[in-house]
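The structure under discussion appears below in the form of structure tokens.
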């Protein structure tokens, strides 16, 4: 086994050109300092979030404490310690590259490993250490929170590790995308208030994406524009693949227990599948804040129609994403947007 250091848990794609911050996944870099190598591993957003929080617990940017940090304190209180985390399996079927269809800068920046072994033992040293299988992200976050060593099987390192020089490992695996990690940290703080709801500044503050970008073949199937106080998402081919969405996200920690209401006027043209408003909760800043997948779907052609979707903000807060979506051929426009958190009526 090779001893490695958790060098990075980098949000991806991270800061966007408009200043917003989005996380779909995390690039975790395990450094073999003695051997001059590094192993890149991709974790999904929810699985990598805990490790990201543990590693950045002192930067003031991650308001929700990682569950793994709480678990580490509980283990210490019970006189139990994590003595090591071991990665000894590589599922070749999972080495399919980073999420959302963008190629890695380095051909080996594509490793996905699902599980690791975590070893725990009584701090007093009595008894035999116990091993348990855990999701890789949880195991690494627990190791980081407990200060436990991490080891990777030699065959995994020999097959997938990359020689590195110096400390700039992110550039090795992300290329120019790694430059976003060098921007001032304050730019990574998610917004607390919605921005540019009138589209007076074009699409500033908004993010255009969706599952259609997961595959190169469909990366140009949709387009988005803003003018005259409204935004438009439209297909540009007869049979577009996936779903397109224009959205932005806000933190809702201060609105716990209240209702979030997203309202807008929506117009659809030639929609053969569905389009409409959406309200989502969850990543990147914490656990699910509202039920996922709330939508107001429309199909066919509709003149300007007032649509509204709402949900109660859960106890743990987190982030809410709101916007408009289009699946399949057609065109959807929206205007006169409002995102509100009204106070509950007094008894």
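Derivation of every value follows stated rules applied to the coordinates shown; laboratory data play no part. Everything quoted here is computed from the prediction, not taken from an experiment. Note that each Cβ is placed from the backbone with ideal geometry, even for glycine, and that neighbours are counted across all protein chains shown.
Laid out as a table, the results:
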item	result
Computed FRET value (nearest 0.05) for residue 308 with residue 236, which takes r as the C-beta separation and R₀ as 35 Å	0.75
Footprinting exposure proxy for 269, 68, 10 (fewest neighbouring C-beta atoms within 10 Å first)	269, 68, 10
Residue 76/residue 295 FRET efficiency (R0 51 Å; Cβ-Cβ; nearest 0.05)	0.70
Packing-based ranking, highest mean first, of 333-342, 27-36, 44-53, 135-144 given that Cβ atoms within 10 Å are counted	135-144, 44-53, 27-36, 333-342
Gain in span if fully extended, residue 219 to residue 158, counting 0.36 nm per residue against the direct Cα distance	18.5 nm
Relative exposure of 256, 152, judged by other C-beta atoms within 10 Å (fewest first)	256, 152
Separation in nanometres of the label points that stand 7 Å from Cα toward Cβ, at residue 259 and residue 134	4.1
Order of 261, 23 under a 10 Å beta carbon neighbour criterion, fewest first	261, 23
